Amino acid sequence: MTPSIRAWLWRALALLTAAMLCACSNRTPSVSIPTAAVGTRLAAMQVVNRGLGAMPRTLDPSLSTDVPGQEVIDDLFEGLTTLDAAGKIVPGVARSWQTSPDGKTWVFHLRPDARWSNGDPVTAQDFVYAWRREVDPKTAAQYAEALSPIVNALAIATGKAPVASLGATAIDPLTLQVNLNAPTPYFLAVLADNYFQPLNPAAIERYGESWTRPGHMISDGPFELEGMVIGDRITLVKNPYYWDAAHVHLSRVVYYPLNNESAQLDRYLAGNLQFTDGFPASQYHWLKRHLGSQVMTGPYFGTVMLAFNVTEPPFAHNRDLRLALSMAIDRKILAEKLGQGLPRPAYQLIPPLAGYDPPVPAWARWSAAQRHAEARRLYAAAGYSAAHPLHIELDYPTSPSERDFFDALAAMWRINLGADVEPYNEEFRVLQQDEALHKTKFFWDAWIGDFPDPFTFLQLFETNFQQNNGGYSNPAFDALIERATRQTDLAARYRYFEKAEALLNADAPYIAISFYSTTNLVKPYLKGVEQNIEGRNLSRYMYILRHTGD
Amino acid sequence: MLRYLAGRLLTAVPTLIIIATLAFGLLHAAPGGPFDAAKRLPPAIERSIEAQYHLNEPLWRQYLRYMDQLAHGNFGPSYTYRDTTVNQLIRSGLPVDATIGTCALFAALSIGSLFGLLAALKRDTAWDFVPMLLASLGIALPAFVVGPLLILIFAVQLHWLPSGDWRGDSVRYLVLPVTALALPYIAYVARMVRGSALEVLSSPYIRTARAKGLPDRTVILRHALKPILTPVVSFIGPAFAGVLTGSIIIEDVFGLPGIGRYFVTGAIDRDYTLVVGITVLYGALIIICNLLADLCYAWLDPRVRLRS
C-alpha cells in the first residue's frame, strides 16, 4: 500500500466512524444543515416536491379514506366549499348559498366559470352524480356514511332506498338543492371533504374503475393528474381551466410517498423535498435546534386517550377507580419528556375549537401532589390497597404507539397508586376486533375529528354508535347530544355539547392523554403554508421565492 | 435433459397449489378483514361492501373462486388499493426489484468471489484479514443502518448521489440502494468462496496439478474455479428469488416503488389477494431459481447427473 492510499483509507475510515456516530446519537450537529438566502420575488421555477406519508390507496374521491389520499385529492378536486391556507372554510365551486329557517334545506349557486380539466363546465348534476355514486351500494364506498346528514343517504347505502331518492337535486345547471335530516351547522365544512367533491360522469362511464389513471382522470381542482407510478410518485400539473388559475403559482406538484419518516427527513435535508407531511417525533428537539422555523407544528384535531370497558368489572359501576387512574397520570411529563413537547397535554376529549368552551375538570389545575392524593383516596374508596392492588392489562396496538410511553404510564400508576398495570401489545386489527367484541377491558384509543365540530368526538360515547368501544351508556348524555343536533344556532348547539362533555368528564369512561400536533418541514423559500387543525395544506396557495442554496 | 426439465416443472404445479392454499387459509384465519378501518362502518354498509367482494360467501367458495382466477393468471383486485389489480401492482413493482436485485447479486458474485479467492490465495496476510474483517462487518450491519448511513454521507453531506427515488434510466439512482443491498451478499459470498477455495486448493488433484508444474493461473482458473463456486450457486439460487421480490428495508429507506413492502403492509391490512399473489409469485420464483441453480451445478460439477 502506498502512503497516499493508506492516508486515503484512514480518511475514509474516519468519515465512516463519524457518520456512524452521527447515526447512533440521533444526528449530532456535525451534519451540514441546508441554508438558503431567500429573496422577495417569485422564483422562475414554480415546482414543489412534497413528501407523502404513504401511497394513497386510491385517488377516487368517493373511495379514498386515507390521509395521503386526501392530501392529493385536495389538489385535484374542489367541492362546493374548500379550505384557505389557514384551514378556514371558503367558497369553492359554490359562489353563494342560502339555508331555510329550519336549517334543513340548502340551496347552492355554482360559479359559472367553474370548469373541468377538459374545459367542460362543472354543473350541479355533477355533484348529484358524485353523491349518488358515493352512497350507491354498488360503489362499495367505505365512508358512504359521511353523507349521512343528507336525506336518505344512509337508507340508500344500506340498500333500503333507491339511489334516486337521495336528498340532492339539480334545479338547473348552476343551482343545487340539498335536503338534510337535521340542521347541520358543520355541513359547509364537510362539503370541502373528498366524499362531497363532484365527479365527471363522462370520464367514469368511459373508463370504469381505471378512470383515476393519468390520461383518464378529469378533475375540477387547481391541478390535474399528469403521471402516477404506484409507490413512487404522483405528478400533478396546473389545471389551466381552473376558475382561479390566475392565483395558482405552482406549475407542477410532485408527491413522493415515503412510509418512513426518516426517509422523508433525509430527502428534505438532501434538498430533494421542499415540504414533508411529517418528521420523526423523536428528533423534534434536534430539528428545532438546527432547522429553526423550517419545523412547523400546530394543533391538530385529534386526541390520544385510554378507554375503559364500562360494561364489565373492574370498571363497571366504578367511577372512583376510573377517575383515580386518570388523576394519577402526569400528562405534562408524558408530553414533555417522552413526546419532546410535541403532543399537548389533554384533560378533556375535544381539542381546542373556535367558539367551543371545553369543560376542563377542576383537578387539571391542581398540583401534582394534590392530584395524586385525591387519586389515592379514590383508589382506596374503590376498594383497592397495597394489600389488594388492581391488576389489569392495558392493550395497545403495535403502531403507532411506542412501548416506552406505556411503560411510563404503568410506572406512574405503580408509584402514585400502587396499581399493577401491564401494557400488552397487540396487532392493530386484533385489538380492533377485541374492542368491537368488548373482549378488552382497558385499551389505547385515538380519534381524529372528521369535521371541525364537537359532535365528531362526542358521538363516540353515544349509546348506539358503532364505535362506542367501551360500552358507555348514559341517557342524560344521549339526550344532550340529541338536543344539540336539533339546534339551528351554533352557539346554542355548542352549549349543549359543553354540558354533554362535562357529564362525560364526571363519569370518566375514558382518560384523555394528549392532543395531536401537525408536523411539517417547510423550506424557507416555500411560502403559502400555514398550520391548521385539519392538517390540510393545499398546494393551490403555495409559491416559491427566489433563493440561492437550499 | 428435456425430460428432467418437464418433470421438475410438473412437480412445481402441486407445490404452488399448496403454497397458495396455505397462504389463503392463514390470511383468512387472522382476525379482522380488509375493510376494518380505524373508523368502524355501520354493519349494513360493511355487509354491502363484503358482498361486492364476495367476502360474505362461505370460505370454500371464496377459495375455489380465487384458485380459478389464479389458474387464469389473474391475481384479482387489491382490497387496499381499490382501483388497482394485484397484477398491476406486481407489473409496476417487479422490474424495480429485479433491476436492483440483479445488480446487487452481480456485484456480490463478482466482488465477493474476487475477494474470497484473494483471501484464500494470500491466506494470513492483510489481503486475507482486511476483506474478511469487512465481510464480518457487512454481515453484521443490517441494511437499516447501512442505508441511512450511505444517504447521510453521499447524499446529505457530499451531494454526490440522490438520497433515494427511482429513475429507471439513471445509474446514479441505482448506486446507493444497490450498494446497501449488495454489501451483506458480497460479504457472504466472500466468506463462502474463501472457505471453499481453501478446501479445494488443498485437495489432492490440485496438488497433482501443481506437481505437474502447471502455472498457478491455469491451476486456479481451469481446475479449481468451478468446484470453488459450487457452494455459491446453491446459495445464490434462493437468494435471487429473495431479492427479486424486494427488500422491504431497502425499499423503505430509499423510497423505491418495489413489491417488497406490499408483503408487510398487505399482511397488516389483510389484503388477501395481494399477499397470496405475491406469495405465489415468490414460490414460483424460488422454484425457477432452484431449477436454474441445479442446472448450473451439473455444468460446474460433472459428477452431478440430472435425473427426473
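The values are calculated or read from the model by the stated rules, or taken from the named source; none is laboratory data. Quick caveat: nothing in here was measured; it's all calculated off a predicted structure. Heads up, the Cβs are rebuilt from the backbone with ideal geometry, glycines too, and the neighbour counts pull from every protein chain shown.
For A:Q177, the test of being surrounded by fewer than 18 Cβ atoms within 10 Å (Cβ to Cβ) and assigned by TED's automatic domain parsing to the domain that holds A:Q197 is passed. Residue pairs whose Cβ atoms lie under 8 Å apart, sitting 6 or more positions apart in sequence or on different chains, and linking a residue in region B:66-93 that is at the interface with another protein chain (Cβ under 7 Å from one of its Cβ atoms) to a partner that is of a type in the set (G, A, S) and surrounded by fewer than 17 Cβ atoms within 10 Å (Cβ to Cβ), are B:D83/A:S210.
Being more than 21 Å from A:D550 (Cα to Cα) and either within 9 Å of chain A (Cβ to nearest Cβ) or touching a helix residue (DSSP H, G or I) at 6+ places or on another chain (Cβ under 6 Å) (or both) is the filter here, so list the residues in region B:142-173 that pass it. Scanning region B:142-173 gives B:A143, B:F144, B:V145, B:V146, B:G147, B:L149, B:W166, B:R167. Taking region B:1-35 as the range and being closer than 15 Å to B:Y272 by Cα and assigned to a helix (DSSP H, G or I) as the test, the residues that pass are B:I19, B:A20, B:T21, B:L22, B:A23, B:F24, B:G25, B:L26, B:L27, B:H28, B:A29. Here region A:225-254 is the region considered, the condition is being more than 24 Å from A:D120 (Cβ to Cβ) and in contact with a Pro (Cβ under 8 Å, 6 or more places away or on another chain), and the residue that is farthest from the other protein chains (Cβ to nearest Cβ) is A:R233.
Output yes when any residue across region A:87-110 is under 17 Å from the mean Cα position of the chain (by Cα), touching a residue at least 40 places away in the same chain (Cβ under 8 Å), away from chain B (no Cβ under 14 Å) and crowded, with 17+ Cβ neighbours inside 10 Å, and no when none is. Yes - at least one qualifying residue is present in region A:87-110. Out of the residues in region B:246-274 that are of a type in the set (A, V, I, L, M, F, W, C) and surrounded by fewer than 24 Cβ atoms within 10 Å (Cβ to Cβ), which is farthest from the other protein chains (Cβ to nearest Cβ)? Among residues in region B:246-274 that are of a type in the set (A, V, I, L, M, F, W, C) and surrounded by fewer than 24 Cβ atoms within 10 Å (Cβ to Cβ), the one farthest from the other protein chains (Cβ to nearest Cβ) is B:F263. The one condition from (1) within 21 Å of A:V128 (Cα to Cα); (2) away from every other protein chain (no Cβ under 13 Å) that A:A44 does not meet is (1). Here's a check for you: in region B:36-61, which residue that is in a helix (DSSP H, G or I) and touching a residue at least 12 places away in the same chain (Cβ under 8 Å) is surrounded by the fewest Cβ atoms within 10 Å (Cβ to Cβ)? Filtering region B:36-61 for residues that are in a helix (DSSP H, G or I) and touching a residue at least 12 places away in the same chain (Cβ under 8 Å), the one surrounded by the fewest Cβ atoms within 10 Å (Cβ to Cβ) comes out as B:L59. With respect to A:N532, is the statement that it is out of contact with any Ser or Thr (no Cβ under 6 Å at 6 or more places or on another chain), closer than 25 Å to A:A146 by Cα and without any contact (Cβ under 8 Å) to a residue 24 or more places away in the chain true? In short, no.
When you check B:R210 against the structure, is it part of a helix (DSSP H, G or I) and touching a residue at least 24 places away in the same chain (Cβ under 8 Å), yes or no? Spelling it out, it is not the case that B:R210 is part of a helix (DSSP H, G or I) and touching a residue at least 24 places away in the same chain (Cβ under 8 Å). Being under 24 Å from A:S473 (Cβ atoms) and within 24 Å of the chain's Cα centre (by Cα) holds for only one residue in A:T303, A:T311, and it is A:T303. None of A:L321, A:L334, A:L273 is outside the structural domain of A:D420 (by TED's automatic domain parsing) and not β-branched (V, I, T) except A:L273.
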